[in-house]
Amino acid sequence: AARALTGGYQGVPYDNTTAAKWLKKASHQGHPSSLFILGEWSTVGTVRGVPKDLRAAHTLLTKASQLGHTPAFYALGILHNKGGDGLPKNQTLAVEMFRRAAELGHAA
């Protein structure tokens, strides 16, 4: 349902607010893609119902990566590379996350 709402898939109206609600429900059940999408949205805060919060983004993306979601490693690399909003910049961790993403086949 959330995927359809985020892209207006097969005639479903585009509605990120409702999609965020469904993604949050799925993320509480440990769904890696939902954790990843919410983590990505939390890095920018442009989606209703998902404010910008880099610490929350880090937590969500870490959980997704622990569940084997390859793009989450790359997204963590970006977060560590930039830092900000209370999340410290850490080049060493950034490189580690980028390397792990590459090892798992992520083509940046």
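The values are calculated or read from the model by the stated rules, or taken from the named source; none is laboratory data. If you're wondering where the values come from, they're calculated on a predicted model, not measured in any experiment. Glycine gets a Cβ as well: all are built from the backbone with ideal geometry, and neighbour counts include every protein chain shown. Accessible surface areas use protein heavy atoms only, side chains included; no ligands, DNA or RNA. Shrake-Rupley method; radii C 1.70, N 1.55, O 1.52, S 1.80 Å.
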* Consider residue 99 carefully, then state whether it is under 26 Å from residue 21 (Cα atoms), in a helix (DSSP H, G or I), of a type outside the set (Asp, Glu) and open to solvent by 70 Å² or more (accessible area, probe 1.4 Å). => no
* In region 29-65, what residues are part of a helix (DSSP H, G or I), open to solvent by 40 Å² or more (accessible area, probe 1.4 Å) and hydroxyl-bearing (Ser, Thr, Tyr)? -> 59
* Would it be correct to say that residue 53 is free of Cβ contacts under 8 Å to residues at least 40 places away in the same chain, acidic (Asp, Glu) and touching a Lys or Arg at 6+ places or on another chain (Cβ under 9 Å)? -> no
* To do: Of the conditions (1) more than 20 Å from residue 26 (Cβ to Cβ); (2) touching a His at 6+ places or on another chain (Cβ under 9 Å); (3) at pLDDT below 95, residue 91 clears all except one; give me its number.
  => (3)
* Asked: Pairs, please: C-beta under 6 Å, at least 6 apart or cross-chain, first residue over 19 Å from residue 76 (Cα atoms) and among the hydroxyl-bearing types (Ser, Thr, Tyr) and in region 23-50, second open to solvent by 30 Å² or more (accessible area, probe 1.4 Å) and at pLDDT below 90?
  -> none
